[in-house]
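Down below is the structure, laid out as structure tokens.
Derivation of every value follows stated rules applied to the coordinates shown; laboratory data play no part. All figures in this text were calculated on a predicted structure; none of them were measured in a lab. Cβ coordinates were reconstructed from backbone atoms using ideal geometry, including for glycine residues, and neighbour counts include every protein chain displayed.
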Amino acid sequence: MPRPKTLGEALLEAFRHFEIEKPIEQHRALYLWDNVVGDQIARVTTPQKIEKNVLFVAVDSPVWRNELIFLKRNIIRDLNQVLTGNAIKDIKFT
């Protein structure tokens, strides 16, 4: 007799069946933002929303916005390392 599925396995199967696994994973980026970017960047940014694999992040100042544009590739890489797959394709700093 096969072993029963854990709750986590059953939820993952349901997410895949209803094709909501990717949107859920993308929105995890909002909650993981502070941990991924660190305290200094987290103090001057606020992740807002995700649309079509693009993370929108509010930035406190134009100076920080310019700095973050240079760091964007690394931030995307770091986010995707803690998320499943390449959930985030781009970041727009506003």
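Rounded to the nearest 500 deg cm²/dmol, what is the calculated helix-only ellipticity per residue at 222 nm for the chain, with -39500 (n - 2.57) per DSSP H run of length n ≥ 4?
Theoretical 222 nm ellipticity from helices: -19000 deg cm²/dmol.
First measure r as the distance between the Cβ atoms of Asp34 and Leu11, then evaluate 1/(1 + (r/R0)^6) with R0 = 22 Å and state the FRET efficiency to the nearest 0.05.
For R0 = 22 Å, the calculated efficiency reads 0.30.
Share of antiparallel DSSP beta bridges in the range 7-93, in percent to the nearest 5?
Values: 6 of 10 bridges.
Expressed as a percentage, antiparallel bridges in the range 7-93 total about 60.
Helix 21-37 versus the longest principal axis of the chain: what is the Cα-based angle in degrees, 0 to 90, to the nearest 10?
The angle comes out near 40 degrees.
Multiply the residue gap between Glu51 and Ile69 by 0.36 nm, knock off their C-alpha separation, and tell me the result in nm, one decimal place.
Length gained between Glu51 and Ile69: 4.6 nm.
Give the calculated FRET efficiency between Ala58 and Thr84 to the nearest 0.05, with a Förster radius of 30 Å applied to their Cβ-Cβ distance. Please report the intermediate quantities before stating the final value.
Details: r = 25 Å, r/R0 = 0.85.
Rounded to the nearest 0.05, the efficiency is 0.75.
Return the long-range amide H neighbours of Gln48 (sequence gap of 5 or more, or a different chain), with a cut-off of under 5 Å between placed amide H atoms.
Counting only residues 5 or more places away or on other chains, the set is Phe56, Val57, Ala58.
Out of (1) 13.3; (2) 14.4; (3) 12.8, which label holds the value of Kirkwood radius over Cα pairs in Å that was computed here?
(2)
Specify the residue with the greatest mean-square fluctuation among Asn66, Asn80, Asn53, computed from a Gaussian network of the chain linking alpha-carbon atoms under 10 Å apart.
Largest GNM mean-square fluctuation: Asn66.
Can you compute 3J(HN,Hα) from phi for each residue in the range 64-75, using the Karplus curve 6.51 cos²θ - 1.76 cosθ + 1.60 with θ = phi - 60°, rounded to whole Hz and x for Gly and Pro?
Karplus values, whole Hz, x for Gly and Pro: 5, 4, 5, 4, 5, 4, 5, 8, 4, 4, 5, 5.
Express in whole angstrom the spacing between the alpha-carbon centres of the range 62-80 and the range 34-59.
Using only Cα atoms, the two centres lie 9 Å from each other.
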